[in-house]
Amino acid sequence: MNYVVLVAFVAILGSLGWALRHMMRGSKASDANGVNRGMAWALTLRIGLSVLLFAVILFSYWMGWIQPTGIAAGR
């Protein structure tokens, strides 16, 4: 499970870097309406990966593969 989360975080950071690259390139990659398609696609991918990671964590908790840990209530 740790590897899945690690790979997901690396993919999310990679898509953020990809969006930054497209943003810094400026209007060369823009369409007629001024929309930077590469940056929009990279940010959409980041959102999808984040939602998928959240869903995998919730599913893993539901299946009992992971258990919550941390500070006990009242401390």
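The values are calculated or read from the model by the stated rules, or taken from the named source; none is laboratory data. The structure presented is a predicted model; accordingly, all values stated were derived computationally and were not measured. Note: ideal-geometry Cβ built from the backbone for every residue, glycine included; neighbour counts use all protein chains shown.
Some notes on this structure:
- Taking the conditions (1) at negative phi; (2) at pLDDT below 85 in turn, Gly34 satisfies each one other than (1).
- Leu6 assigned to a helix (DSSP H, G or I), surrounded by 11 or more Cβ atoms within 10 Å (Cβ to Cβ) and modelled with pLDDT of 85 or more: no
- Pair list, Cβ < 9 Å and 6+ apart or interchain, from the stretch 62-75 residues that are closer than 16 Å to Val5 by Cα to residues that are in a loop (DSSP other than H, G, I, E, B) and at pLDDT below 85: Trp65/Met1; Ile66/Met1
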